[in-house]
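Asker: My structure is below; once you've seen it, I'll send some questions.
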Amino acid sequence: MKKQATILFLLLGISYTTFAQRIIKNPEYEFKSTGINTITQIERNKENTRIQIHSEFIPHWWITFDSTSYIKDADSGKKYFPIGIEGTTFGKQTFMPDSGDSIFTLVFPPLDKKMKKFDYMESETGEGSIFGVSLEKKKKQKTKQTEEGIYGTWKDMENHLATEADPSVNYGSNFFRKDTAHLRGFLKGYDSRAGFNTGMIYIDNVLTREDYPTVVQIHPDGRFEADFPLNQPWEGYIFFKRTTVPFYIEPGETLFISLDWEDFLMADRYRDRRYEFKNIVYKGTSARINAELCRIKVNTFSYRDFEKQLKTLSPADFKQQQLEALQEANDSLALKLKQNSTSIKGQQILKNKILLSFYGALFDYAMMRTHYAARDSTNEILKQPLPDDYYDFLTQINSNDKNLMIPNSFSSFINRYEFMGPFNKANMPFKPEDRFEVLSKEWIRKDSILRNDLQITPGLLFDIAKVRSLDYALSSITPKEGTLLVGQLTSSIAEPFLKEETMRMYAKKFPEGEKQAYKLPEGKATDIFRKMVNPHKGKFVLVDFWATTCGPCIYSIKEMQPLRDKYKGSPDLAFVYITDTGGSPESSYNKFISENDMGDNLFRLSEDEYNYLRQLFRFNGIPRYVMLNRDGDVIDDDFPGHSAKTELQKLLPDSK
C-alpha cells in the first residue's frame with residue numbers, strides 16, 4: 001500500500017507539474033512595436049491556446065481586435081488565426097475605462113508542441129505586433145545596442161562633434177547662410193521589425209516656398225542619419241510614424257541625437273498629445289539649445305476647441321482672449337527663465353514660439369470665419385464683421401526680427417500673413433494682357449495698406465511675403481516682363497540674402513536656353529519609381545501622388561475623369577497613381593478605386609518607399625504631379641494639375 005501510495009503521489013505530482021508548465025506568466029519577448037498591448041499570460045491545453053493581453057490606452061478612446069491578426073511560429077512560419085476572443089468581439093470598437101487599461105483574451109488553436117517562440121502579428125507591416133514571444137519559462141537576458149558599439153564612446157563623439165556654442169552669443173549678422181546640416185543619431189532598442197526603417201524631415205524654404213523633404217534612414221543596428229540644406233537656423237521635427245522628435249540645428253552643423261525605443265512605445269500609447277521624450281540626449285554645437293527647448297515648456301494656442309470658439313466668440317472677444325493668453329504665456333516664460341539658466345538664442349526661440357502661436361491663431365480665426373459662415377447662415381456670431389482694429393496686434397511685432405523664422409511654426413504664420421484680409425483690397429481684376437502691369441503694382445498697393453491702414457512700417461516680413469509670391473507671378477508672365485518685375489522687387493528689398501534668392505528663382509523659372517528634361521539620379525528612390533513607370537516607356541506619363549485622406553487629391557482625381565476617358569488606351573499617354581499605406585488606409589483605398597475609374601496603373605506603397613519618392617521629387621504636400629517624356633525622363637516635376645487639359649494638348653496636339 002505504501003508503495004502504491006507513493007506511485008500515486010508521484011503521478012499526481014507529474015500531472016500537476018505538466019499542467020503548470022502550460023501556463024506562462026509575463027512571457028519574455030524579443031521586441032514589440034506596440035505601446036498599447038502586452039502579453040501577460042499564455043495558457044496551452046489540448047483544446048486551444050489562450051493569449052491574455054493587457055491593453056493600456058487613453059481613457060475613453062477605443063481599441064479594436066481584428067480576426068485577421070495571427071500567431072506565427074518564429075521558426076517554421078506557420079500561422080495560427082484566432083478562433084475566439086473574450087472581453088470584446090472582433091472588429092468592435094471597445095472604449096477604454098477611466099483607468100485606461102483592460103484585459104482581453106484571444107483564443108487560438110493548439111500550438112505545435114515543438115514551438116519555442118512565436119510572433120503575435122496585428123499587421124503584415126509589423127505595426128502593433130510583438131515578436132519572439134517565448135514559450136519557455138526560463139528567462140533570457142535581453143541585450144540592447146549601445147552607442148559605444150557603433151560610434152565609439154560618448155567622449156569619442158564629443159571629440160568628433162563641435163563643442164557647444166557660447167550661451168551668451170546671439171546670431172549677429174551671420175543669420176542667413178546656405179549650408180548643409182548633418183543629423184546623426186542612435187535609437188536604442190530599435191529592431192528592423194518595427195514596421196518602418198525611415199523617418200522624414202519636412203523642410204521648406206520659407207522664402208521661396210520650395211520643399212526639401214529629407215529621408216532619415218534608420219539602419220538595422222539603430223543608427224540613423226540625414227543631411228539636408230538650410231538657409232538659416234531652424235527648429236524642426238523628425239517624423240517616425242506617429243512619433244515626432246524635436247531638434248534645433250544651424251547650417252553646417254552636425255547634431256547627434258540619442259533616443260530610446262521605450263519612448264516610442266509611450267508615444268504610441270499616448271496618441272492624444274505630442275509625447276515628451278524622457279530619454280533624449282543631444283550632442284554637438286547646439287546641444288544646449290536643444291536641451292533648453294525640451295526642458296522649458298511654453299504655453300501656446302490650443303486648437304482643440306477652435307471650432308467652438310469660432311462659432312461662439314465674437315472677433316473682439318476672441319482677440320481679447322488670445323492677447324490675454326499671450327501675456328500669461330510670456331509671464332510664465334519669464335518666470336521659468338529666471339529659474340533656469342538659458343542661452344540668448346534659446347530665450348529668443350521660446351519667446352517667438354509663443355508670439356507666432358497666438359498671433360497665428362488670430363490670423364486663422366479671421367481666415368476661417370468665411371468658411372464656417374457659408375456652412376451655417378444662422379449663426380449671428382459669424383455674421384459679425386471684424387472690427388477695424390482687429391489686425392493692430394501686428395504693430396507689436398518687430399517685423400525686421402530674423403529670429404521669427406527659426407520656429408517650425410513660422411511657415412504657417414507667414415502664409416497667413418501674406419493672405420491676410422487687409423491685403424485683399426490690393427487684388428484687382430485684370431485682362432490677361434494687363435497681367436504684368438497689375439502684378440508689378442500689387443506690392444505697391446499692399447505697401448500702402450500696411451502704412452496707411454494698419455500703421456505698420458514694412459520690413460523683413462513684408463519682403464519675405466514678396467519673395468514668396470514670385471514663383472506664381474513669374475509663371476504667368478514672359479521672361480522680359482520677369483526681368484522687369486524682379487528688378488522692381490529687388491530694388492525694394494533691404495536684405496541681401498533675399499535679393500539673392502529672388503535672382504535664383506528668376507534663373508530657375510527662366511533658364512538660359514530651352515528647358516530640358518532631366519534624368520533621375522541613380523539610387524534607391526529612382527529604383528522604386530522606375531518599377532512603376534518603366535513599363536510605359538514610349539509614352540508620356542503623368543504621375544499623380546495622392547492619398548484618400550487628402551481632400552484636394554480626391555477632388556482632382558474626380559475632375560480628371562474626362563481626361564482619363566479621352567486618353568484611355570492611348571499609345572501616347574499613361575496615367576500612374578501612387579499613394580502609400582499611411583495616407584490611404586486599405587479600406588478607404590479599396591472603396592475609392594472601386595468607385596472611380598483610375599485605370600490599371602495604381603500603386604499603394606509602404607510609407608518607407610513613399611518617403612523616398614517625396615525626397616526624390618521634393619514635395620511635402622499633395623497632390624503632386626510629375627510628367628515624364630517618352631524616354632522616362634522628367635519634363636516637369638511640378639506639373640500644373642489644375643491646367644492638365646491645356647498642358648496635355650500642348651504635348652499631344654494631334655490627340656482628339
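The values are calculated or read from the model by the stated rules, or taken from the named source; none is laboratory data. Here the structure is a predicted model, which means the values were calculated and not measured. Neighbour counts run over all protein chains shown; Cβ positions are idealised from the backbone, glycine included. Quick note on the areas: whole protein, heavy atoms, side chains included, nothing else; ligands and nucleic acids left out. Shrake-Rupley method; radii C 1.70, N 1.55, O 1.52, S 1.80 Å.
Asker: Identify, among 238, 226, 256, the residue whose Cα sits farthest towards the positive end of the charge dipole of segment 201-259, taking +1 on the Cβ of Lys and Arg and -1 on the Cβ of Asp and Glu, with the dipole about the Cα centre.
Answerer: 238
Asker: Starting with the highest mean, order 292-305, 207-220 by the number of other Cβ atoms within 10 Å, averaged over the residues of each peptide. Write down the numbers at each step before the final one.
Answerer: Values: 292-305: 15.2, 207-220: 18.7.
Most protected by this proxy first, the peptides run 207-220, 292-305.
Asker: Of 417, 23, 105, which is farthest along the charge dipole of the chain in the positive direction, counting Lys and Arg as +1 and Asp and Glu as -1 at C-beta?
Answerer: 23
Asker: Using a basic spin-label model with each label point 7 Å from the Cα along Cα→Cβ, how many nm lie between residue 308 and residue 484?
Answerer: Taking the simple label geometry, residue 308 and residue 484 are separated by 5.6 nm.
Asker: Mind running the shape call on segment 551-656? Use the C-alpha gyration tensor, a ≥ b ≥ c as the square roots of the eigenvalues: rounded below 1.5 for a/c, prolate if a/b tops b/c, oblate otherwise.
Answerer: Details: a/c = 1.86, a/b = 1.30, b/c = 1.43.
Verdict is oblate for segment 551-656.
Asker: Next up: Taking the full set of protein chains and a 1.4 angstrom probe, give the accessible area of residue 61 in square angstrom, rounded to the nearest 10.
Answerer: 100
Asker: Once label points are set 7 Å from the Cα along Cα→Cβ at both residue 531 and residue 270, what is their separation, rounded to one decimal in nm?
Answerer: 3.8
Asker: Further, regarding this structure: Taking the highest mean first, how do the peptides 369-378, 639-648 order by number of other beta carbon atoms within 10 angstrom per residue? Could you put the intermediate results ahead of the total?
Answerer: Details: 369-378: 11.5, 639-648: 15.1.
Going from most to least packed, we get 639-648, 369-378.
Asker: Further, regarding this structure: Using just the helices of the chain, give the 222 nm mean residue ellipticity in deg cm²/dmol: DSSP H runs with n ≥ 4 each add -39,500 (n - 2.57), and the total is spread over all residues, rounded to 500. Numbers along the way, then the final one.
Answerer: Details: 21 runs with 235 residues, N = 656.
Rounded to the nearest 500, it is -11000 deg cm²/dmol.
Asker: Which cysteines in the chain lack any other cysteine whose Cβ sits under 4.7 Å from their own Cβ?
Answerer: Flagged as lacking a Cys partner: 294.
Asker: OK, next. Rounded to the nearest Å, what's the spacing between the alpha carbon centres of segment 601-656 and segment 462-527? Just the number, please.
Answerer: First find each Cα centre; the distance between them is then 21 Å.
Asker: A further question follows. Specify which residue in the list 206, 118, 484 is farthest towards the positive end of the charge dipole of the chain, using unit charges on the beta carbon of Lys, Arg (+1) and Asp, Glu (-1), about the Cα centre.
Answerer: Farthest towards the positive pole: 118.
Asker: Packing-wise, with mean Cβ within 10 Å as the measure, how do 119-128, 241-250, 394-403 rank, highest first?
Answerer: Working: 119-128: 18.6, 241-250: 20.6, 394-403: 15.6.
With the highest mean Cβ count within 10 Å placed first, the list reads 241-250, 119-128, 394-403.
Asker: Another one. Can you give the charge dipole size of the chain about its Cα centre, rounded to the nearest 20 debye, using +1 on the beta carbon of Lys and Arg and -1 on the beta carbon of Asp and Glu?
Answerer: 1900
Asker: Continuing with the same structure: Ignoring ligands, DNA and RNA, what percent of the accessible area of segment 434-560 is carbon or sulfur (1.4 Å)?
Answerer: Details: 3540 of 6540 Å².
Of the solvent-accessible surface of segment 434-560, carbon and sulfur hold 54 percent.
Asker: May I ask which of 178/480; 25/72; 402/425; 72/524; 72/278 have a Cα-Cα span longer than 22 Å here? Display every interim value, and only then the final one.
Answerer: Numbers: 178/480 29 Å; 25/72 20 Å; 402/425 27 Å; 72/524 31 Å; 72/278 33 Å.
Pairs exceeding the cut-off: 178/480; 402/425; 72/524; 72/278.
Asker: Additional query: Straight-line reach from residue 558: which lysines have Cα under 27 Å away, leaving out those fewer than 8 places along the same chain?
Answerer: Filter leaves 531, 537, 539, 566, 568, 591, 645, 650, 656.
Asker: Give me the accessible area per residue for the chain, probe 1.4 Å, as a whole number in Å². Please report the intermediate quantities before stating the final value.
Answerer: Working: 33200 Å² over 656 residues.
On a per-residue basis, 51 Å².
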